[in-house]
Amino acid sequence: MVTLQRTKSGYFVSSNFPINPKLAREETTFNLHDPANSENARHTRWLQLMKQYKGQIDPQLAEKFESDHYDVILHKIHPDQRTLCGHGDLAGPAYRDSGAVEGKVIDSAMAARMSFIAVSGHPCGSKFSAAAFLQAHPQYDWQKPLLRDMNGYPWTPVSAAKGME
């Protein structure tokens, strides 16, 4: 199944959730009705931010959204797997070596110039230390040969024309 969405005055958001209910129902086992599910919680947060900032959204706000640490289930700032910045490594009791590892922002003007803004690492800029994570959570020792540090980097403009703006 292929889905196509178009907008002339709207937005598209994503955080690894199937946005199309028909696609989710027919081609996945994803539970769209569990609000505490990481993907559903992040989708809820995206919709909250889009409503709150309607008419004001620009690339700088979008960077802020990608770095958001608000948990819609706990109703507070709490970096974990349910936040847009995605910090599974900080989310007890089921800590995971997961979370956001990059972010991208684009508006129509950037798209016309074949450019966007991107970040490598957690969008908020925080670092993930594999050694510290493994020391705190030895149940993941089996990942030691492959698990690597992830530095936080600044948001950077990227252009197809020159590579970097």
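Readers should treat all values here as calculations from the given coordinates under stated rules, not as data from a laboratory. What you see is a predicted model, and the numbers here were worked out from it, not measured in a lab. Using ideal geometry, Cβ is built from the backbone for each residue, glycine included, and neighbour counts are taken over all protein chains shown.
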Can you pull the one-decimal nm distance between simple spin-label points at R25 and K64, each 7 Å off the Cα toward Cβ? 3.8
Return the FRET efficiency for the residue pair I57, A161: r is the Cβ-Cβ distance, R0 is 25 Å, and the value is rounded to the nearest 0.05. 0.50
Least to most buried among R82, R25 (fewest other Cβ within 10 Å first): R25, R82
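Divide by every residue of the chain the summed helix terms, -39500 (n - 2.57) for each DSSP H run of at least 4, and state the resulting mean residue ellipticity at 222 nm, rounded to the nearest 500 deg cm²/dmol.
Values: 5 runs with 42 residues, N = 165.
Mean residue ellipticity at 222 nm (helix-derived): -7000 deg cm²/dmol.
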Take the chain, connect every pair of alpha-carbon atoms lying under 10 Å apart with a spring to form a Gaussian network, then pick out the residue of F30, F12, F116 with the largest mean-square fluctuation. F12
Can you bin every Cα-Cα distance in the stretch 1-75 into 10 Å intervals starting at zero and give me the percent of pairs per bin, rounded to whole numbers? 16, 46, 32, 6
GNM on the chain, Cα springs under 10 Å; top mean-square fluctuation among P138, P123, P79 goes to P138
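Neighbouring Cβ atoms within 10 Å as the yardstick, rank V13, V72, V101 fewest first. Can you show the working numbers first?
Working: V13 16, V72 19, V101 13.
By the 10 Å Cβ count, ascending, the order reads V101, V13, V72.
Semi-axes of the equivalent ellipsoid for the stretch 21-164, please: Cα gyration tensor eigenvalues, times 5, square-rooted, ordered largest first, whole Å. Write down the numbers at each step before the final one.
Details: eigenvalues 144, 98, 46 Å².
Semi-axes (√(5λ), whole Å): 27, 22, 15.
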Suppose R0 equals 35 Å. What FRET efficiency, 1/(1 + (r/R0)^6) with r the Cβ-Cβ distance, do Y140 and T44 give to the nearest 0.05? 0.80
Counting only residues 5 or more apart in sequence or on a different chain, those whose built amide H sits under 5 Å from that of E102 are G121
Please turn the phi angles of the stretch 79-85 into ³J(HN,Hα) values with the Karplus equation 6.51 cos²θ - 1.76 cosθ + 1.60 (θ = phi - 60°), one per residue in order, whole Hz, x for glycine and proline. x, 7, 5, 9, 9, 4, 6
